[in-house]
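This report refers to the structure that appears directly beneath it.
Bear in mind these aren't lab numbers, they're just calculated from the coordinates by the rules spelled out. Predicted model only: the values in this text are computed from it and were never measured. When we count neighbours, we look across all protein chains shown, and the Cβ atoms used for this are built from the backbone with ideal geometry, even at glycine.
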Amino acid sequence: MSELSTLLPILWGGFCTTLAIFALTLLFSIPLGLLVAVLKMSRYRIIRYPVSFYISVMRGTPLLLQIVAIYFGSYYLSEYAGVDFSFDRFPAVIVAFSINYAAYFAEIFRGGIQSIPKGQYEAAYMLGLTRAQTFYRIILPQVVKRVVPASANEVITLVKDTSLAQVIAVTELFALAKKQQAAYASIYPLFVAGVFYYIANLLLSMFFAYVERKLNYYK
Amino acid sequence: MDFANNQSVITNGASQDTSPILEVKHLKKSFGDLHVLKDISLELNAGEVLSIIGPSGSGKSTLLRCLTQLETFEAGEVRVDGKNLVVSALNEPIKYAPANVLREIRLSTGLVFQNFNLFPHLTVLQNLTLAPIRVLGIPREEARATGRRLLKQMGLEGKEKSYPCELSGGQQQRVSIARALALKPKILFFDEPTSALDPELTGEVLKIIKQLAEDRMTMVIVTHEMAFARDVANKVLFMDQGVVVEQGTPDFVFNQSQNKRLSAFLERFSRN
């Protein structure tokens, strides 16, 4: 087991990078997703159509490709334009993950918002609430409850998707485990990495089950 | 039961002048090619109750939704408590009053929906206090006291902390009546308030509305409960295919009118 005591600190370092990608992606993609959801419901086609296109590209192409495109694309475009706006590896990963996950969250949020009965808006209108009050006090709290299960799915997938960051050599958990696999000449480190992912997701599942229970005070 | 506290607000101002609190003239509304309301005129004095009856699809609910601003209409005049909803003359293209006036009118017209439309994530008391606190700026404690008093009047004492899903349909509808009353409206509109209820729960809601009528709350009630429409109202209006076919006192509409469409309608109802 001395192997494990040297392996664990190494993998822990990678896990911290994984956690950073995870946390930053959620931090940016959830508000962005809400914004995209609202824009997609715009009554103006000139807003709705580009937003639909963005969502279809994000959902229709591999995240792996999007990471590569953001990283190298920004580099080549900077060369071409003569202005440096290229991303470093880590920020490129965060940008790619955030805009990708925002697209998925947007569709979940849009479904949630559109599932709120029209009568809720009409009741709020008759009571003189402003549009902002109606959205933040009546609609959004009900949307949160409805989108928790589907969002939990996305969040758990995100934990595992972070391993895609290795495509541009960001040394997250899985990349480090693969390196150790070569050093140990064994797939053992990969299994240990798997345990890390599993425990993280177990905790997340418990957290979401708790949130769902908490939100169950009304139907 | 005591509605005196609301009552003072309801009749204030309205009792001083004799003009009707609700006036509708030549209102027209269509959905595309379908003329839902063809030429509706009516008047209602403060403290009176108007029942609107008629077959499904006759435009009753649409009329209510036009008067409460949930739908727009293409022509006509509507005056609520002296304020004009429409500022254009009858022969001009319609122009609505400025937003702040519309909002003032909206706050003086309460609406009780067929499906209650309570806010499910808020407690019963929060449903009652949200608008008074956030819209009228009434201090929280005062709004809560008013809310509790209204619940007591509705026979819902002790339900303050319940959520709507924990109540029966009849109780939910009474909460929604209380929610509308919390803004002290000048006119309360009811859109088939008992149509979503089991027959045994209908009575408790009708009883509350009758009590409001006894306390001289001005009300417009769209309903399929004929006996109730007759007993509670000062005035009954029978609509069919977007027009007012007959209107008058309950006795006139239910007993004396010779109108064929009306008697056919009442006949169908008494058979069911």
Neighbouring partner chain Cβ atoms per residue of B:111-120, average, 10 Å criterion: 5
Amide hydrogen neighbours beyond the local backbone of B:D240, cut-off 5 Å, H modeled: B:V245
Computed [θ] at 222 nm, helices only, for the protein assembly as shown once each DSSP H run of length n ≥ 4 contributes -39500 (n - 2.57): -18000 deg cm²/dmol
FRET E, pair A:R89, A:R131, Förster distance 56 Å, beta-carbon r, rounded to 0.05: 0.85
The protein assembly as shown shape via C-alpha gyration tensor axes, a/c threshold 1.5: prolate
Of the DSSP H helices in chain A, those whose Cα atoms cover at least 27 Å axially and whose Kyte score averages 0.0 or more: A:2-40, A:89-114, A:140-161, A:188-214
Burial ordering of B:H224, B:H121, fewest other beta-carbon atoms within 10 Å first: B:H224, B:H121
Distant-in-sequence amide H partners of B:K235 (H built 1.01 Å from N, under 5 Å): B:V49, B:S51
A:A185 paired with A:K219, simple spin-label distance in nm, labels 7 Å along Cα-to-beta-carbon: 6.4
Computed E for A:E79/A:I10 - FRET, C-beta separation, R0 35 angstrom, nearest 0.05: 0.45
Relative contact order %, the stretch A:2-217, counting alpha carbon pairs below 8 Å whose residues are six or more apart: 29
DSSP beta bridge pairing in the protein assembly as shown, given as percent antiparallel to the nearest 5: 55
Chain A: most fluctuating residue of A:T134, A:T25, A:T171 per GNM, C-alpha cutoff 10 Å: A:T134
Nearest-0.05 FRET efficiency for B:Q256 and A:K118, computed from C-beta distance (R0 45 Å): 0.65
Label zone at A:A150 (point 7 Å along Cα-to-Cβ), backbone N below 14 Å, the stretch A:88-116: A:102-116
For A:R48, net neighbour charge (Lys/Arg +1, Asp/Glu -1) across residues whose Cβ lies under 12 Å away: +4
Rg/Rh for chain B, where both radii come from Cα atoms and Rh is the Kirkwood radius: 0.96
Chain B: relative contact order as a whole-number percent, Cα under 8 Å and 6+ apart: 26
Zone of A:A69's modelled label, taken as backbone nitrogen in the stretch A:87-111 under 20 Å from a point 7 Å along Cα→Cβ: A:87-108
Burial ordering of B:R149, B:R268, fewest other beta-carbon atoms within 10 Å first: B:R268, B:R149
Separation of the A:E3 and A:V38 label points, Cα + 7 Å toward Cβ, nm: 5.4
Chain A: C-alpha gyration tensor shape, a/c 1.5 cut-off, then a/b vs b/c: oblate
